[in-house]
Amino acid sequence: MENENYHICNEKCMHNEISEKISELMPDEDVLYETANLLKIFGDATRIRIMFILFSEEMCVCDIAKALNMTQSAISHQLSILKQSRLVKNRREGKTIFYSLADAHVKGIFYQAIEHILEKRVNKL
């Protein structure tokens, strides 16, 4: 059985240089809180599916709903959450609103997450 206390340091030493360096680099609590909330948005499979679709192409609600075999209402709800979190942006063309990922940062986060998962699968082979 694996030692469940592996994360406990039994030494009575302090690594002051490391602690000071981390303290200087640590963002404010507000930034960490907002980061945690942002990452929670990625915790929903429907939102991930929407983001996957929007990764390469902007689309309107009806096309996203059709692609995911969901109602427009359900898609609109998730897009609202993604938009509030600044992960998705929109543009109007006549009466149609097209959605896309907000910027290169969002694409990078999404791409790296997918790449990480695929890397784990390849390493299992």
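Below is a table of values for the structure above.
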read-out: Pick from the range 22-43, criterion outside any helix (DSSP H, G or I) and out of contact with any Phe, Trp or Tyr (no Cβ under 9 Å at 6 or more places or on another chain), ranking: farthest from residue 83 (Cα to Cα); value: 26
read-out: Every residue from the range 74-87 that is in a helix (DSSP H, G or I) and either surrounded by 11 or more Cβ atoms within 10 Å (Cβ to Cβ) or in contact with a strand residue (DSSP E or B) (Cβ under 6 Å, 6 or more places away or on another chain) (or both); value: 74, 75, 76, 77, 78, 79, 80, 81, 82, 83
read-out: Residues within the range 22-44 that are over 11 Å from the mean Cα position of the chain (by Cα) and among the aliphatic types (A, V, I, L, M), tallied; value: 5
read-out: Residue match in the range 56-73 (condition: closer than 25 Å to residue 34 by Cα, surrounded by 15 or more Cβ atoms within 10 Å (Cβ to Cβ) and in contact with a helix residue (DSSP H, G or I) (Cβ under 6 Å, 6 or more places away or on another chain)); value: no
read-out: Scope the range 70-105; condition in contact (Cβ under 8 Å) with a residue 24 or more places away in the chain and closer than 17 Å to residue 43 by Cα; matching residues; value: 74, 75, 78, 79, 81, 82, 85, 87, 88, 101
read-out: Qualifying residue in the range 88-99 (condition: loosely packed, with under 10 Cβ neighbours inside 10 Å and in a loop (DSSP other than H, G, I, E, B)); value: yes
read-out: Residues (at pLDDT 95 or above and under 15 Å from the mean Cα position of the chain (by Cα)) located in the range 54-74; value: 54
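The values are calculated or read from the model by the stated rules, or taken from the named source; none is laboratory data. Small disclaimer: the values here were computed from a predicted structure and weren't measured. Every residue, glycine as well, gets a Cβ built from its backbone with ideal geometry; the counts of neighbours run over all protein chains shown.
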